[in-house]
């Protein structure tokens, strides 16, 4: 008699196939691979983000949960209802993303649903969560440690922090890296760009990505290249408005790019990718830059250095406008050093960044939880 399929519910992303940031990329890559292995995957989606609401897509079951449009409240409200739905469902295990959902672990604990959580970055240190937000995220991390059956960290440095801060063990499962085979120099024409003639920033317009400092450092340099800024935020926000208000003929704002080939082209043909993400663990945009063969200038953090293996696959800048101006001057005076980085950077993507292995690790730990 054949075994019934393993049933996994995923809570904490914006949904599927809404690829917007690291969580959604994770859901897409492990969800589709799990389905291919015969697992029944259910993803909880923010209802207002989806005009069309199919019950199933690419074998993944979709549940649309209402919430409000708010930077700080949309996720916890959505997750609260999603947790109750999952608790009464036939799911064998719940995979939670985002440490903000830590307190809701009491719901699945109450119903004896094995639950693991990917806690992501140091949310309580992010500038976008000041005051009460920072206090909440630190408390939420403590609640995740208390209520969740397994903590997943996405970098060794993050595992160390959770051990020190919360005296808890975690398993390290990184994000994956993938290049897009559809990259083409011709796609740059949409923004009147030329190969190697621009720097690139990719990410949400939030303070902890430090786009403002990178942009100001660039403006204050004598660079003859352009700086392309990809991304936005889906809400009204003073910081994002500030970013979009910079005036310089060398700046190119693309907004969101949903076409994978266009985004891959911007990565592949940039002079350098500028990585300012400060408080995450393993960052998906940094991995994507490596996979697409970018020369990389990264903010100097333990997380950047872990992925880039110190100076082996990247260069670094401090969180300082004048230092960044000097970095741009140095880069254009030493193009051969960036060429050398481009030729080797993909070698830094060892097997721990492979989506197939990552999927296997999640399934291994999920089955271990169930068997307990």
Filter the range 77-96 for residues that are under 10 Å from residue 111 (Cβ atoms) and assigned to a strand (DSSP E or B) and give the result. 94
Looking for something in contact with a strand residue (DSSP E or B) (Cβ under 6 Å, 6 or more places away or on another chain), in a helix (DSSP H, G or I) and under 23 Å from residue 139 (Cβ atoms) - is there at least one such residue anywhere in the range 26-48? no
Just to be sure I understand, how many residues within the range 166-183 are surrounded by 14 or more Cβ atoms within 10 Å (Cβ to Cβ) and more than 25 Å from residue 308 (Cα to Cα)? 2
Flag for residue 257 being within 21 Å of the chain's Cα centre (by Cα), in a loop (DSSP other than H, G, I, E, B) and within 23 Å of residue 190 (Cα to Cα): yes
So which of 338, 363, 286 ends up being touching a helix residue (DSSP H, G or I) at 6+ places or on another chain (Cβ under 8 Å) and under 30 Å from residue 91 (Cα atoms)? 363
Can you find, within the range 194-219, the residue that is surrounded by the most Cβ atoms within 10 Å (Cβ to Cβ) among those that are more than 21 Å from residue 283 (Cα to Cα) and out of contact with any strand residue (DSSP E or B) (no Cβ under 7 Å at 6 or more places or on another chain)? 217
Condition check for residue 215: under 20 Å from the mean Cα position of the chain (by Cα), at negative phi and part of a helix (DSSP H, G or I): no
Flag for residue 112 being in contact (Cβ under 8 Å) with a residue 40 or more places away in the chain, assigned by TED's automatic domain parsing to the domain that holds residue 143, out of contact with any strand residue (DSSP E or B) (no Cβ under 8 Å at 6 or more places or on another chain) and not in a helix (DSSP H, G or I): no
Return the residues of the range 341-360 that are in a helix (DSSP H, G or I) and touching a helix residue (DSSP H, G or I) at 6+ places or on another chain (Cβ under 7 Å); say none if nothing qualifies. 345, 346, 348, 351, 353, 355, 356, 357, 358, 359
Could you give every pair whose Cβ atoms fall below 7 Å, whose first residue belongs to the range 341-361 and is in the same structural domain as residue 285 (by TED's automatic domain parsing) and more than 24 Å from residue 33 (Cα to Cα), and whose second residue is at pLDDT 95 or above and in a helix (DSSP H, G or I), counting only separations of at least 6 or pairs across chains? 345/290
Condition met for residue 258 (loosely packed, with under 14 Cβ neighbours inside 10 Å and either modelled with pLDDT of 95 or more or outside the structural domain of residue 301 (by TED's automatic domain parsing) (or both)): no
Given the conditions (1) assigned to a loop (DSSP other than H, G, I, E, B); (2) under 30 Å from residue 229 (Cα atoms); (3) free of Cβ contacts under 8 Å to residues at least 24 places away in the same chain; (4) in contact with a helix residue (DSSP H, G or I) (Cβ under 9 Å, 6 or more places away or on another chain), every one holds for residue 169 apart from (2)
Residue 293 being at positive phi and in a loop (DSSP other than H, G, I, E, B): yes
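The values are calculated or read from the model by the stated rules, or taken from the named source; none is laboratory data. Please read all numbers here as calculations on a predicted model, not as lab measurements. Don't worry about glycine lacking a Cβ; one is built from the backbone with ideal geometry, like all the others, and counts go over all protein chains shown.
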